[in-house]
Amino acid sequence: MRIVCIGGGPAGLYFGILMKMLDPAHRISVVERNRPYDTFGFGVVFSDATMDNMRKWDPVTADTIEQAFNHWDDIEVLIKGRRMRTSGHGFVGIGRKKLLNILQARAEQLGVELVFETEVDSDLDFPDADLIVAADGVNSRIRTKYADTFRPDILMRPNRYIWLGTDRRFDAFTFDFRKTEHGWFQAHIYKFEDGAATFIVETTEEAFLAHGLDKIDQDDSIVFCEKLFSEILEGHSLVANARHLRGSAWLSFPRLICGKWTVFNGNSHVVLMGDAAHTAHFAIGSGTKLALEDAIELTNQFKQHGSSRETIPAVLAAYEELRRVDVARIQNAARNAMEWFEVAGARYADTLEPEQFMYSLLTRSQRISHENLRLRDKAWLEGYERWFSQRSGLPASNDSVTPPMFTPFRIRGLSLSNRIIVSPMAVYSAEEGVPNDFHLVHLGARALGGAGLIFTEMTCVSAEARITPGCCGLWNDEQGTAFKRIVDFVHGNTSAKIGAQLGHAGRKGSTRVPWEGIDEALPAHNWPLVSASAVPYLADGQTPEPMTRAEMDLVRDAFVAAAKRAAKAGFDILELHCAHGYLLSSFLSPLTNRRADEYGGGIENRARYPLEIFRAIRAVWPEDRPMSVRLSCHDWAEGGNTPDDALEFARLFKQAGADLIDCSSGQVWADDHPVYGRLYQTPFADKIRNEVGIATIAVGAISEADHANSIIAAGRADLCAIARPHLADSAWTLHEAARIGMKSMAWPKQYISAKQQYEANLERAAAAAGGVK
Ligand SMILES: Cc1cc2nc3c(=O)[nH]c(=O)nc-3n(C[C@H](O)[C@H](O)[C@H](O)COP(=O)(O)OP(=O)(O)OC[C@H]3O[C@@H](n4cnc5c(N)ncnc54)[C@H](O)[C@@H]3O)c2cc1C
Ligand SMILES: Cc1cc2nc3c(=O)[nH]c(=O)nc-3n(C[C@H](O)[C@H](O)[C@H](O)COP(=O)(O)O)c2cc1C
């Protein structure tokens, strides 16, 4: 085959090498605009996994690269006058020049033709090529030429960065955060050769503009950075390695995804590779890894299908399909890390104490968890746990450390023994709204199960406020008395506290219990529905009436009466349900609120009625007992609320006296498209907590102690609500405590004889599995 790689970066060179090794008869050229030793940037970081992969394909290149590697374990963070260090993180770095030189030498040795100082204008310049690899980097000319086919989706990220280097010696991956009068700057610093380190300086667009960095050239920018980071530079200077860049040299990172990676130009098949096809932010350091792995996979497909002109279409199809999945995975992890740095200044640097700031930084991609940190640096993690537990009010102790999720939490007059909540969950088992023995046993068992707080299901403020005929209510005294029995049981027999969640189903009411059809209208005995506007939940569902002011008064009074009954029943905390498309949520979301009066339109108008209810309840709810508000922080639908809107709602509820925001999402719009993933709702709790300055509850897909510990320790939320795992196991909290070896966890006295056996069995199972518990 005749193969031309346009671009002699890692992707083009490595693909040339591997294809020549696969079949030396292939005629391969790599055409590069720069001279052999001309390259931008300084060092790149790699993981061990990438090296293992490379070794399988070309041990010679892998060995040479490995010999040139610099390995280091430590991460150091500087902020607000503190310098903190942790170990066990394992990185390798190599100079970009060195890497390219190794690849160039190997390519030449194998007989790949390297053509330097040649600018390629078009893929049509190589009519004899069977395959053209467009490895021409992030600004790929070839991709632009076939934009209609490749459908590049480029999102310019908001931050600015400049890629510099220094000869100051660094023995740790160092992050240095500096505050200026216009905002925070951070330096990402890592060694790649003895006496040479990459030094990337990053800031927000606002700080970049406010400092006039858009108006000065590269040299003046270097002077600015040298002054700002003078403490860490210790007299060493910064240098640029991108003289070809004009203007300020501060770049914005383009997040790139392509709809398609291949095209046939009439003569040759053209395929995108490396940065030309996708980008991954430097916060996770995976751009070079992706480029090299692209080259490996395309070669692998030629190996599988045979390498000839005829097999090219099948090879390219398989390459694109497989690589897309891996690239998406890395881009997701990169997105979390990248976003962390984008908001670090505004969200964390001023708010979090240095210790917690560092923990948040280390776990920024949400892929490194609490236990993962323990494996990397046990002493550091235990030190952090000790710090966190003292901040939570526990006495200093050198013997046992309390994991973050098991530290106490206090808000107004409410003291919780730990940070785990049994999330509100409807069980649809009431008659006429009266909780019965099922509720007593169900909630009672969960209160005995170790969680610091349990919530009732959404408890309805009137018969018409119910979702189904099986929902609980607090619209009469019989219901109040029945709830008091449950509250008394919880207070009398467990260490848990109990909260009531008050709500009104709005347009999602008058439906069957879920096991007879989720969200489906009752076949008979329906009741009339009210909502912000006449927008049914399901297309064939019952259409609600837009609320009149008189109806709004009635519903507000019903909420107040229910809140008084909840206080009388002895509930410790009250949650107002403003999420999931129910009545108050229908006011908040622009998808369901189409009103033209003062209750519709902008955020303040949409929040007006839910806030009116909140204030009315707060006025009758005892002063020393807290109130939380559950929000759908993302509608996951075009035109709906986003986390930025949720932030504003949280701010308004805080001003009205809310103590906690319970950060859920979705269920507002039937045709929504949630992006599920690891702890996918936790970023909402994080954003609201750290930008609004209010305590938050994280909820959704939190199913292990490790998740909860990571969330609480990083300050992404103050409390974690766990729903389905608590349906599967009423003692989920006790069991997770045992699983992570927290022997000081108090079990109900009646069950103490089981505790030791349970812990011993876990230990035995862990030993048998050969692992550490
Ligand atoms: C600040 C920063 C830090 C980074 N840090 C890391 C890191 O730590 N780890 C990591 O793995 N990655 C890192 N990267 C990303 C990494 O540099 C790229 O992802 C990687 O180089 C992609 O390789 P590539 O071969 O696809 O493209 P490139 O390396 O960009 O190579 C493309 C080549 O094509 C040439 N070219 C372009 N157009 C033409 C043309 N028309 N004719 C001829 N030649 C042409 C260019 O001169 C260039 O040599 C970082 C990137 C940035 C911006
Ligand atoms: C059976 C069931 C009933 C639920 N009922 C309610 C409810 O009454 N009020 C509410 O706010 N959320 C309710 N939810 C949502 C949960 O509180 C929680 O937000 C959701 O299940 C995600 O958490 P998880 O991943 O831990 O299950 C319910 C969830 C389930 C599974």
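The values are calculated or read from the model by the stated rules, or taken from the named source; none is laboratory data. From a predicted model like this one, the values you see are computed outputs, not experimental measurements. Cβ placement follows ideal geometry from the backbone for every residue including glycine, while neighbour counts extend to all protein chains displayed.
In segment 690-699, the count of residues that are in a strand (DSSP E or B), away from ligand 2 (no atom under 16 Å from the Cβ) and more than 20 Å from A344 (Cβ to Cβ) is one or more.
Okay, residues lined up against (1) farther than 24 Å from A280 by Cα; (2) more than 15 Å from ligand 1 (Cβ to nearest atom):
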site: E117; (1), (2): yes, no
site: D128; (1), (2): yes, yes
site: V133; (1), (2): no, no
site: D136; (1), (2): no, no
site: R151; (1), (2): no, yes
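Comparison of D671, D624, D644 shows that the only residue that is free of Cβ contacts under 8 Å to residues at least 24 places away in the same chain, on the phi < 0 side of the Ramachandran plot and exposed (fewer than 15 other Cβ atoms within 10 Å of the Cβ) is D644.
Among the residues of segment 364-388, those identified as touching a Ser or Thr at 6+ places or on another chain (Cβ under 9 Å) and hydrophobic (A, V, I, L, M, F, W, C) are I368, L373, A379, W380, L381, F388.
Within segment 264-294, the residues that satisfy the criterion of being acidic (D, E) and either within 16 Å of G16 (Cα to Cα) or more than 7 Å from ligand 1 (Cβ to nearest atom) (or both) are E293, D294. If only residues of segment 35-61 that are at pLDDT 90 or above and buried (at least 17 other Cβ atoms within 10 Å of the Cβ) are counted, the one that is nearest to L103 (Cα to Cα) is T61. When every residue of segment 194-204 is checked against the conditions, at least one turns out to be farther than 19 Å from P354 by Cα, assigned to a loop (DSSP other than H, G, I, E, B) and over 27 Å from the mean Cα position of the chain (by Cα).
Would a scan of segment 661-672 turn up a residue that is farther than 28 Å from E704 by Cα and in a helix (DSSP H, G or I)?
Initially, segment 661-672 is screened for residues farther than 28 Å from E704 by Cα, giving 669-671.
Going one step further and asking which of them are in a helix (DSSP H, G or I), we end up with none.
Within segment 661-672, none of the residues are farther than 28 Å from E704 by Cα and in a helix (DSSP H, G or I).
Annotation: R630 fulfils all but one of (1) assigned to a helix (DSSP H, G or I); (2) charged (D, E, K, R); (3) in contact with a Cys (Cβ under 9 Å, 6 or more places away or on another chain); the unmet one is (1). Restrict the check to segment 322-329 and report whether at least one residue is closer than 26 Å to E202 by Cβ, among the β-branched types (V, I, T) and buried (at least 21 other Cβ atoms within 10 Å of the Cβ). Yes, segment 322-329 contains a residue that is closer than 26 Å to E202 by Cβ, among the β-branched types (V, I, T) and buried (at least 21 other Cβ atoms within 10 Å of the Cβ). Within the set of pairs 6+ apart or on separate chains, which have a first residue in segment 249-263 that is farther than 20 Å from R160 by Cα, a second that is within 11 Å of ligand 1 (Cβ to nearest atom) and not in a loop (DSSP other than H, G, I, E, B), and C-beta atoms under 8 Å apart? Listed pairs, sorted by first residue: C258/R143; C258/L272; W261/L272; T262/L272. When you scan segment 741-762, do you find a residue that is closer than 30 Å to P354 by Cβ, within 16 Å of ligand 2 (Cβ to nearest atom) and either aliphatic (A, V, I, L, M) or modelled with pLDDT of 95 or more (or both), even just one? Taking every residue of segment 741-762 in turn, none turns out to be closer than 30 Å to P354 by Cβ, within 16 Å of ligand 2 (Cβ to nearest atom) and either aliphatic (A, V, I, L, M) or modelled with pLDDT of 95 or more (or both).
With the condition being touching a strand residue (DSSP E or B) at 6+ places or on another chain (Cβ under 9 Å), I'd like the helices (runs of 4 or more DSSP H) fully within segment 704-753 carrying at least 3 qualifying residues. Spell out the reasoning first.
Numbers: elements: 705-713, 724-728, 732-739.
In segment 704-753, the matching helices (runs of 4 or more DSSP H) lie at 705-713, 732-739.
Per-residue answers, yes or no, for (1) β-branched (V, I, T); (2) free of Cβ contacts under 8 Å to residues at least 12 places away in the same chain; (3) buried (at least 21 other Cβ atoms within 10 Å of the Cβ); (4) within 16 Å of ligand 2 (Cβ to nearest atom):
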site	(1), (2), (3), (4)
V77	yes, no, yes, no
L110	no, no, no, no
D123	no, no, yes, no
R143	no, no, yes, no
P152	no, no, no, no
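Results for (1) exposed (fewer than 12 other Cβ atoms within 10 Å of the Cβ); (2) modelled with pLDDT under 95, shown as yes or no for each residue.
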| position | (1), (2) |
| --- | --- |
| A524 | yes, yes |
| P528 | yes, no |
| G541 | no, yes |
| A563 | no, no |
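Taking helices (runs of 4 or more DSSP H) as the structural unit, those lying wholly within segment 346-440 and holding at least 1 residues that are in contact (Cβ under 8 Å) with a residue 40 or more places away in the chain and more than 30 Å from T180 (Cβ to Cβ) correspond to 370-376, 378-391.
Could you please let me know if I216 is part of a loop (DSSP other than H, G, I, E, B) and either buried (at least 17 other Cβ atoms within 10 Å of the Cβ) or within 16 Å of ligand 1 (Cβ to nearest atom) (or both)? So that I can check it myself, show each step before the final result.
Working: part of a loop (DSSP other than H, G, I, E, B): yes; either buried (at least 17 other Cβ atoms within 10 Å of the Cβ) or within 16 Å of ligand 1 (Cβ to nearest atom) (or both): yes.
Judged against the criteria, I216 is a match.
In the condition set (1) of a type outside the set (S, T, N, Q); (2) within 22 Å of L443 (Cβ to Cβ); (3) within 15 Å of ligand 2 (Cβ to nearest atom); (4) touching a residue at least 12 places away in the same chain (Cβ under 8 Å), A737 is compliant with all but (3). Residues that are within 30 Å of K215 (Cα to Cα) and polar (S, T, N, Q) were ranked within segment 246-263; the one that is nearest to ligand 1 (Cβ to nearest atom) is S252. Residue count for segment 227-238, restricted to those that are within 16 Å of F170 (Cα to Cα) and surrounded by fewer than 19 Cβ atoms within 10 Å (Cβ to Cβ): 6.
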